[in-house]
Amino acid sequence: MEYLINGLKGALKIILESDREFLSIVMVSVKVATTSTMLAAIAGIPFGIFVAQKKFPGRNIVLTSVNTLMSLPTVVIGLTVYSFLSRVGPLGEIGLLYTLSAMVIGQFILAFPILSGVTIAAVRSLDKRIKITLIAMGSTPKQGFRMFIHEARLGILTALIAGFGRVFAEVGVSMMLGGNIKGYTRNITTAIALETSKGEFALGIALGIVLLIVAFSVNLILTNLQKKNTL
């Protein structure tokens, strides 16, 4: 138990003193996760709204695919993107492998089905009579659509938070596509794996505390949003 106590003491020291390496690792995680989540939201939320609202051939296949991809293992995404970006892959000449951009691409693929799937569920759960009522009250189709989406705002926010939480805590994509390069692509999860394998627990525990704080914050935000929606 002594090594755990010493590790915790060292972790608190790293956090309180704002260790440069610690801050660099945290910033990489925040930057990559935020960028990939925003890009996935730009593509995934409109896609989810469209799939939820429109009927078209193959819609059930799309829904099944989105639901399946929501549980796709991160190492599978990492392996797939790696095969395209590696030196012998079709996109190898671009030189994106082991860069932040490669990590963003992988995390975008991870977040997209989550944002799409949760948005689809949120929009489909709304009472269909809302649109009819708005049109009966004289709203234009555009105004009716805006009000309909406004009613789905909690679900869309949930999608954003869930997507960010998923990519922030993943390790497979970051390790395979970022390469865990110190001072460049090393993020929280890959650093924890490395430090633990080296027997250096202080930095690993400090980064683990950050992950726990983020996880707690994400759940706290979701809980508060749900409470506000039920009031």
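Summary of computed values
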read-out: Matching residues, region 192-213, being touching a Ser or Thr at 6+ places or on another chain (Cβ under 9 Å) and either among the aromatic types (Phe, Trp, Tyr) or closer than 26 Å to residue 79 by Cβ (or both); value: 204, 207, 211
read-out: Residue that is modelled with the lowest pLDDT, among those in region 1-32 that are hydroxyl-bearing (Ser, Thr, Tyr) and exposed (fewer than 12 other Cβ atoms within 10 Å of the Cβ); value: 3
read-out: The one condition in (1) over 18 Å from the mean Cα position of the chain (by Cα); (2) in a helix (DSSP H, G or I); (3) not polar (S, T, N, Q) that residue 81 fails to fulfil; value: (1)
read-out: Any hit, region 33-51, residues being more than 20 Å from the chain's Cα centre (by Cα) and surrounded by 15 or more Cβ atoms within 10 Å (Cβ to Cβ); value: yes
read-out: Residue satisfying condition, being at pLDDT 95 or above and touching an Asp or Glu at 6+ places or on another chain (Cβ under 7 Å), within set 100, 110; value: 110
read-out: Pairs where the first residue, in region 199-220, is farther than 18 Å from residue 19 by Cα and the second is loosely packed, with under 12 Cβ neighbours inside 10 Å, C-beta under 9 Å, 6+ apart; value: 199/3
read-out: Answer from 163, 155 - the residue that is of a type in the set (Gly, Ala, Ser), assigned to a helix (DSSP H, G or I), at pLDDT 75 or above and within 30 Å of residue 85 (Cα to Cα); value: 163
read-out: Members of region 166-205 that are among the polar types (S, T, N, Q) and part of a loop (DSSP other than H, G, I, E, B); value: 180, 185, 187
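The values are calculated or read from the model by the stated rules, or taken from the named source; none is laboratory data. None of these values were measured; they are calculated from a predicted model. Counting neighbours? That spans all protein chains shown, and the Cβs are built from the backbone with ideal geometry, glycine included.
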